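The values are calculated or read from the model by the stated rules, or taken from the named source; none is laboratory data. Just so it is clear, the structure is predicted and the values come from calculations on it, not from any experiment. Cβ atoms come from the backbone with ideal geometry, glycine included; neighbour counts cover every protein chain shown.
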Amino acid sequence: MRDLTLTDMERIGAFDEAERTFQMTEEAFRVFYELTARPLRLYLGRVTGDDLLADDLLQETYYKFLRSNAAFETDDHRRHYLFRIATNLVRDHRRRPRVEIAASPAVQEAMAAPAGTHSAERSAARIDLSRAMAHLKPRERSLLWLAYAQGWSHEEIAGALGVKTASLKAMLFRARHRLAVILRNPGGPW
């Protein structure tokens, strides 16, 4: 087998693909990243319930975004496409078989220790909401997070999650209702 030379690689188009995939300039990407990274990270953290996984999915989302050859009409279109990639990555992750490793007693104790200077009621409410959100289906968590934490419109959520706007309203209503039931009866069957 012979080695490929630079001219051979140029002939088969190896460099053309690399040039086509990265259509944003470094400065344009930096601005886009600064505007979207925090909301996307919060979304991934809430939907997955795992900060380390959310960080990994955040990186993979931007990687896939940069590698895509998608043409964008507006900044909103670009942002919705980014969230759609993230949502699909979460779905793909959930389809994989899980391998769980128990944390050591020292790690469990550190996680149970108080973390902030918030009042006790506020901390308890956050914990209750986090536990209740953990009992929701991934799609329900996504809907609630995008609607209420991110403040997106129904059209924006539908675009990011790939559902119809008319269906989204009913899905959001059911997710809110299910969350309310879980919050009212934290220990019971839902």
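Brief remarks on what is shown
The rows are residues; the columns are (1) over 21 Å from Tyr81 (Cα atoms); (2) surrounded by 13 or more Cβ atoms within 10 Å (Cβ to Cβ); (3) out of contact with any His (no Cβ under 7 Å at 6 or more places or on another chain); (4) not β-branched (Val, Ile, Thr).
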site	(1), (2), (3), (4)
Glu155	no, no, yes, yes
Gly162	no, no, yes, yes
Thr165	no, yes, no, no
Leu179	yes, yes, yes, yes
Arg184	yes, no, yes, yes
Gly187	yes, no, yes, yes
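- Look at segment 126-141: where a residue is closer than 11 Å to Leu183 by Cα and a partner is at pLDDT 80 or above, sitting 6+ places away or on another chain with Cβ atoms under 6 Å, you get Ala132/Leu179; Ala132/Ile182; Ala132/Leu183; Met133/Arg141; His135/Ile182.
- Test: residue in segment 38-50 that is among the hydrophobic types (A, V, I, L, M, F, W, C), in a helix (DSSP H, G or I), surrounded by fewer than 14 Cβ atoms within 10 Å (Cβ to Cβ) and modelled with pLDDT of 50 or more: no
- Condition check for Ser142: touching a Phe, Trp or Tyr at 6+ places or on another chain (Cβ under 9 Å) and among the hydroxyl-bearing types (Ser, Thr, Tyr): yes
For every residue, the table says whether it meets (1) at pLDDT 90 or above; (2) under 21 Å from Arg139 (Cα atoms); (3) not small (Gly, Ala, Ser).
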site	(1), (2), (3)
Ala54	yes, yes, no
Glu60	yes, yes, yes
Arg67	no, no, yes
Asp75	no, no, yes
Tyr81	yes, yes, yes
Asn88	yes, yes, yes
Ile101	no, no, yes
Glu109	no, no, yes
Ala113	no, no, no
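- Scanning segment 59-90 for residues that are over 23 Å from Val163 (Cβ atoms) and part of a helix (DSSP H, G or I) turns up Gln59, Tyr62, Tyr63, Leu66, Arg67.
- A residue that is more than 30 Å from Lys64 (Cβ to Cβ), modelled with pLDDT under 55 and either touching a strand residue (DSSP E or B) at 6+ places or on another chain (Cβ under 8 Å) or assigned to a helix (DSSP H, G or I) (or both) cannot be found anywhere in segment 120-139.
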